Amino acid sequence: MDMHAREFFAELELPFADRAVVGDTYYATPIPGAPLRLRIDFSPTQWANEYAGLRLATLHQDRGELDDSEPVRPTSRSRPRVMRKPQMTKNTSTPT
């Protein structure tokens, strides 16, 4: 089942009141009024519309990115298991 990024992040139920989804990226202010921001986005792969996990970064409104994390990469030589990136889907259901 494909879903929009906004729906994907809503399903995570992250506990931040001040948040927004811009494109495929989630932004939040963990502490209201503080200069720190949280950014979560999809970690790309070499395959179109697939991702290997989520990336997390801490941003400071004046100093920019403070740190970031990359998802753990598989150690096997086989192709890593990837998931489809959320995409817009057409609602084809009919109302009952």
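Scanning the stretch 3-16 for residues that are in a loop (DSSP other than H, G, I, E, B) and at pLDDT below 90 turns up 3, 4.
Looking only at the stretch 22-45, decide whether some residue is among the polar types (S, T, N, Q), at pLDDT 90 or above, assigned to a strand (DSSP E or B) and open to solvent by less than 90 Å² (accessible area, probe 1.4 Å). Walk me through it before giving the result.
Residues of the stretch 22-45 among the polar types (S, T, N, Q): 25, 29, 43, 45.
Cutting the leftovers down to at pLDDT 90 or above gives us 25, 29.
Remaining after also requiring assigned to a strand (DSSP E or B): 25.
Next, only the ones that are open to solvent by less than 90 Å² (accessible area, probe 1.4 Å) stay: 25.
Yes, there is a match, as at least one residue in the stretch 22-45 is among the polar types (S, T, N, Q), at pLDDT 90 or above, assigned to a strand (DSSP E or B) and open to solvent by less than 90 Å² (accessible area, probe 1.4 Å).
Would you confirm whether or not the stretch 20-39 contains a residue that is of a type in the set (A, V, I, L, M, F, W, C), more than 18 Å from residue 67 (Cα to Cα) and touching a helix residue (DSSP H, G or I) at 6+ places or on another chain (Cβ under 7 Å)?
Looking only at the stretch 20-39, we keep the residues that are of a type in the set (A, V, I, L, M, F, W, C), and these are 20-22, 28, 31, 34, 36, 38.
So of that shortlist, the ones also more than 18 Å from residue 67 (Cα to Cα) come out as 20-22.
Pick out the ones that are also touching a helix residue (DSSP H, G or I) at 6+ places or on another chain (Cβ under 7 Å) and you get 21.
Yes.
When restricted to residues that are free of Cβ contacts under 8 Å to residues at least 12 places away in the same chain and farther than 17 Å from residue 16 by Cβ, the stretch 26-64 contains 5.
The values are calculated or read from the model by the stated rules, or taken from the named source; none is laboratory data. Quick caveat, the model's predicted, so the values are computed rather than measured. Reconstructed Cβ throughout: ideal geometry from the backbone, glycine too, with neighbour counts over all protein chains shown. Ligands, DNA and RNA are stripped out before the accessible areas are found, and what is left, the full protein with its side chains, is counted by its heavy atoms. Shrake-Rupley method; radii C 1.70, N 1.55, O 1.52, S 1.80 Å.
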